[in-house]
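Written below as structure tokens is the structure these notes are about.
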Amino acid sequence: MESMVSEVDVNSGENAVKNGGDGQSMVSAIIITYNSSRCILSCLKSLGDEMAACNGEILVFDNNSTDNTVDIVRAAMPETRMFISPRNLGFAAANNQAIRMVNGRFILFVNPDTVMDKGSFGRLLDAIKSQPRAGAVVGRMRNPDGSFQPTCRKIPDTRNIFFSRGSVLSKLKILARNGNSYTIGDFDRITEVPAAAATCMLVDRNLFERIGGFDNRFFLFAEDIDLSVRIRQSRRKMYFVPEAGAIHLWGEGSQISPVRRSWHHHVAVWKFFMKHYPNGFSLLVLPAALLVNFAIRAMTGLDSK
């Protein structure tokens, strides 16, 4: 498949994809931006320090931002390599394009609204190399106030999906007991988890490519959970690494309306179920439940919180 991106070479004529000393960098970090001007510099500065420690490379793949994201990166960090898509491909397809432009044996997918703690990337790299059958590892995310931010979760099914982060029923915590809860709490040691968000996820590139990368049918959301399922199906594992910390400014990575973000999330959930549970529930019951949930969130203002 031909690339659908146009290249912006911010290194004045040099090849935008540089090889490591052996023809392949050990690690590559990919950041997908779309109207990310409010947070991209903080992300790049923290990530740059981490990559410098391991001679890694960073690629910013811009999804045709309509704000000044590209100009900000060019002006403040001209050494950063950047590619600009002629249209917004969505998160999954953009990452699949971007991975062809980097050389890392391991790939770090990191959101532009993430600020990594010093030394965190090295801990992720150590974990993916040392943990049994590790296919991907994720860091411990925090809110700006320092509180724990859950990004690991169970595989969605017909029961726990009604208590996901976006469900109005999740607000009624009494109903989410007895194993119905969807998200997974904190751990004090490296722990295998069923699935995780790709907020700050390090993957084995060979595995990622072998299982087909992210599924392009997911424009935004659920692509990482779908990837988690396929990692498990390939008999590899995903681990949560609490020592690898980062602040995640949830929702700041892309300046789109909360209602539009919520719509993408609801559509992604339906696509996930149609792919993994192609049955009457996914075809008939779930769409109706998702539409009701979306309408309630929009009318009550939950999507703005």
*Check off (1) closer than 24 Å to S120 by Cα; (2) not in a strand (DSSP E or B) for D67 and give me the number that stays unchecked.*
(1)
*asked:* Consider region 71-101. How many of its residues are part of a loop (DSSP other than H, G, I, E, B) and closer than 22 Å to D226 by Cβ?
replied: 4
_Among (1) surrounded by 15 or more Cβ atoms within 10 Å (Cβ to Cβ); (2) within 18 Å of P194 (Cβ to Cβ), there is one condition R133 misses while meeting the rest; what is its number?_
(1)
_The one condition in (1) under 20 Å from the mean Cα position of the chain (by Cα); (2) crowded, with 22+ Cβ neighbours inside 10 Å; (3) not basic (K, R) that N88 fails to fulfil_ = (2)
_Count - residues of region 220-244 that are at pLDDT below 95 and not aliphatic (A, V, I, L, M)_ = 1
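Residues of region 210-229 being polar (S, T, N, Q) and either surrounded by fewer than 19 Cβ atoms within 10 Å (Cβ to Cβ) or touching a His at 6+ places or on another chain (Cβ under 7 Å) (or both), which ones? Show your work before the answer.
First pass over region 210-229, keeping only residues polar (S, T, N, Q): 216, 228.
Matches in region 210-229: N216 only.
Determine whether F121 is buried (at least 18 other Cβ atoms within 10 Å of the Cβ), touching a residue at least 60 places away in the same chain (Cβ under 8 Å) and aromatic (F, W, Y). Spell out the reasoning first.
On the way: buried (at least 18 other Cβ atoms within 10 Å of the Cβ): yes; touching a residue at least 60 places away in the same chain (Cβ under 8 Å): yes; aromatic (F, W, Y): yes.
The answer is yes for F121.
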_Residue ID - surrounded by the most Cβ atoms within 10 Å (Cβ to Cβ), chosen from residues in region 262-292 that are in contact with a Leu (Cβ under 8 Å, 6 or more places away or on another chain) and free of Cβ contacts under 8 Å to residues at least 24 places away in the same chain_ = W270
*Only one residue in S46, S28, S12 is among the small types (G, A, S), part of a loop (DSSP other than H, G, I, E, B) and either surrounded by fewer than 22 Cβ atoms within 10 Å (Cβ to Cβ) or modelled with pLDDT of 50 or more (or both), so which one is that?*
S12
*Of all the residues that make up region 230-261, how many are touching a Phe, Trp or Tyr at 6+ places or on another chain (Cβ under 9 Å), closer than 19 Å to I184 by Cβ and surrounded by fewer than 19 Cβ atoms within 10 Å (Cβ to Cβ)?*
1
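This table checks each residue for (1) within 21 Å of F218 (Cβ to Cβ); (2) modelled with pLDDT under 95.
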| position | (1), (2) |
| --- | --- |
| A93 | yes, no |
| I99 | yes, no |
| L125 | no, no |
| D157 | yes, yes |
| R165 | yes, yes |
*Could you tell me whether region 103-117 includes any residue that is over 20 Å from H264 (Cβ atoms), out of contact with any Ser or Thr (no Cβ under 7 Å at 6 or more places or on another chain) and free of Cβ contacts under 8 Å to residues at least 40 places away in the same chain?*
no
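The values are calculated or read from the model by the stated rules, or taken from the named source; none is laboratory data. Note that the structure is a prediction, hence the values are computed from the model and not measured. FYI the Cβ positions are ideal-geometry reconstructions off the backbone, even for glycines, and counts take in every protein chain you see.
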